[in-house]
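The values are calculated or read from the model by the stated rules, or taken from the named source; none is laboratory data. Predicted model only: the values in this text are computed from it and were never measured. Every residue, glycine as well, gets a Cβ built from its backbone with ideal geometry; the counts of neighbours run over all protein chains shown.
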Amino acid sequence: MAGAIRGRPIVTSDCSMDCDVDEHAVGDMQVEVLGYLGQGMDLAEHLKRIQVDEGAYQLLSRKGSFRILAVRGLSSMEALIIKQEMLARGGDAAIPKMALRCDKRPQEILILGTHAQISSLVRNLKGQPFRLGHLAAIIEEALELIDSPERYR
């Protein structure tokens, strides 16, 4: 029953990309939405109830919606860049301690932030080295699927 209410898990990945990092150091990238709070429609109802100006709905909805994303298959360098970029935006990323030692095995991280912080991260990743530009597209796709009716079919 709970699965029907939440819908299918949101997982996006790309296994076909070419990159300029050692292919043995990383795995296929995958993004899974582990949690999200503050759906835009729910928050808009609360904003309306307390008589917030309608022009502020979109901005406040982005700031009031928290996301937790699991990102798998990253190199240690990619994980560290994401950690730094999320901290710069007021969010965070949980990374394995071995990433600090530049472990060659694929890393899994958790990105923690508001919709606005993660959207800002995505815009910045598009200009970053390694496979981070492509990861930005995968994250965007995962975020779009949160509100997609396809999740419930």
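Would you mind stating whether residue 89 is charged (D, E, K, R) and either loosely packed, with under 12 Cβ neighbours inside 10 Å or more than 13 Å from the chain's Cα centre (by Cα) (or both)? Judged against the criteria, residue 89 is a match. Do we have any residue at all in region 114-133 that's part of a loop (DSSP other than H, G, I, E, B) and either on the phi > 0 side of the Ramachandran plot or under 14 Å from the mean Cα position of the chain (by Cα) (or both)? Yes.
Here residue 78 clears all of (1) touching a Lys or Arg at 6+ places or on another chain (Cβ under 8 Å); (2) more than 13 Å from residue 139 (Cβ to Cβ) except the condition numbered (2). If only residues of region 94-111 that are more than 13 Å from residue 78 (Cβ to Cβ) and in a strand (DSSP E or B) are counted, the one that is farthest from the chain's Cα centre (by Cα) is 94. Comparison of 69, 60 shows that the only residue that is in contact with a Leu (Cβ under 9 Å, 6 or more places away or on another chain), within 16 Å of residue 138 (Cα to Cα) and in contact (Cβ under 8 Å) with a residue 12 or more places away in the chain is 69.
Whenever a residue of region 111-140 is in contact (Cβ under 8 Å) with a residue 40 or more places away in the chain and under 14 Å from residue 36 (Cα atoms), its partners that are surrounded by 22 or more Cβ atoms within 10 Å (Cβ to Cβ) and basic (Lys, Arg), lying with C-beta atoms within less than 8 angstrom and at least six residues away or across chains, give the pairs 111/67; 112/67; 113/67; 114/67; 115/67; 118/67. Against the criterion of being within 18 Å of the chain's Cα centre (by Cα), at pLDDT 75 or above and among the hydroxyl-bearing types (Ser, Thr, Tyr), residue 13 does not qualify.
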